[in-house]
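Contents: one structure, followed by commentary.
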Amino acid sequence: MTKRPTKLASGPTGELNPPPRLIMGPGPLNADPRVLRSMSLPLLGQFDPAFLSIMADTQAIYREIFETRNAQTFLIDGTARAGIEACLVSMIEPGDKVLVPVFGRFGHLLCEIAERAGGEVVTIETEWGRVFPPSEIEAAIKQHRPKLIAIVHGDTSTTLAQPLEAIGALCREHEVLLYADATASLGGSEIKTDAWHIDAMSSGLQKCLSGPPGVAPVTFNERVVRIARRRHHIEKGVAPAGYAAGPGPRVGSNYFDLGMLMDYWGEGHLNHHTESTSMVYAAHECGRILLQEGLGAAFARHALVSKALTAGLTAMGLKLFGEQAYKMPNVTGVMVPDGISGDSVRAMLLGDFGIEIGTSFGPLAGRVWRIGTMGYTARKENVLICLCALEAALLQHKLKLPAGAAVAAALGVFAEAA
Ligand SMILES: Cc1ncc(COP(=O)(O)O)c(C=O)c1O
């Protein structure tokens, strides 16, 4: 196997020169060049009216993407888990009961964050590869009477998406708050924040939104605003004369206090952190690209690419992982064939073809590859290149397979759709 140099710079102060890659793992993926260009635009002061207007435009863009009328729709600085953390530390007061249905790695992350926020966390778990029927969630609500359900929408660790519409309706019926982690699904498949009764939701840029990691879009409704207001707090150094804090317990994090962030993103623009100017530009461009394509068209593109990729993988004789009825269109789990080293195939894809695909975690470690087709990367040519390379790598690993069948099957799917 020939090895490409991974770094051409000489010594720690040499010029950075990342090797070209086609990134088709669970995220991050290749960013749209338009987004990268937007990040090189001149910085503005964070209270410059020109910048405030970009912030307001960005909020409007993400309201459309989240399909919500929530005034409180903005960006949290940090990767996707910053958005999760901001929602959970602000919504959960110490001692609150939180129900987390876990169907993959990121459910466990929600538990950990909810526990750190002081929540009394109860879980229901299902084996990785399936999701919960609403009846199981309803039974758990009746048994545990939580204040909040925190759930992942699309869990990249298992490549499955939990349908949320029925869960939102159940939460309303039983007066439970609902938070959903849409890090991996926003922009790749339908999400209707308001119609599905999701009280708070967060995402990240680095998956279906075609951007780099570094900022987390969030949205939340009046039910969450009421909690934030009850816990309202202003830093001493910026508080106006006569200010009195809210009666609820102060949020345990300053950086992720949604009430303070509302004050910062709201009309008063009360000083908080220094906004990550270039990441706001990136989020704005990611959203603009998605809305220019149209949400429906973007969802259809992800679905078609998924259909072609899975047709190709199946034609190669590979088995897909998980209950396919709930498969996310933007990431595909593939069983590593018996007798093949998953890591060796991935190393060959990266070293010889410059293509990154993902491995998996926990019970799936070494057993499943994850191939991402998200945002800018969800395109016909990438599917075909990835299938060609995977076939070649598997043949080099002495797997018997019908050569040429994968690309033919994928081409057939694209031809049928054209
Ligand atoms: C569903 C889901 N939630 C949360 C995260 C955490 O995101 P980040 O690594 O950007 O903090 C990821 C990352 O892959 C994810 O797929």
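Only one of the listed residues (Leu160, Leu177, Leu164) is within 15 Å of the ligand (Cβ to nearest atom), at pLDDT 95 or above and touching a Lys or Arg at 6+ places or on another chain (Cβ under 7 Å). That residue is Leu160. Count of region 307-336 residues, restricted to those that are surrounded by 22 or more Cβ atoms within 10 Å (Cβ to Cβ) and within 17 Å of the chain's Cα centre (by Cα), is 6.
If you filter region 345-363 down to residues that are modelled with pLDDT under 95 and assigned to a helix (DSSP H, G or I), you find that the one that is farthest from the chain's Cα centre (by Cα) is Pro363.
Taking region 180-220 as the range and being assigned to a loop (DSSP other than H, G, I, E, B), within 10 Å of the ligand (Cβ to nearest atom) and buried (at least 24 other Cβ atoms within 10 Å of the Cβ) as the test, the residues that pass are Ala182, Thr183, Ala184, Ser185, Ser203, Gly204, Leu205, Gln206, Lys207. Taking region 62-132 as the region of interest, the strands (runs of 3 or more DSSP E) fully inside it that hold 1 or more residues being buried (at least 24 other Cβ atoms within 10 Å of the Cβ) are 72-77, 97-102.
Which residues, taken from region 275-312, are among the polar types (S, T, N, Q) and not in a helix (DSSP H, G or I)? Selection gives Ser276 alone. The residue that is farthest from the ligand (Cβ to nearest atom), among those in region 62-103 that are on the phi > 0 side of the Ramachandran plot and either in contact with a strand residue (DSSP E or B) (Cβ under 7 Å, 6 or more places away or on another chain) or outside the structural domain of Gly266 (by TED's automatic domain parsing) (or both), is Gly95. Of the residues making up region 354-383, just one is without any contact (Cβ under 8 Å) to a residue 60 or more places away in the chain and over 16 Å from Thr156 (Cα atoms), namely Glu381.
The values are calculated or read from the model by the stated rules, or taken from the named source; none is laboratory data. All values reported here derive from a predicted model rather than from experimental measurement. Here the Cβ is made from the backbone with ideal geometry for all residues, glycine too, and neighbour counts use every protein chain on show.
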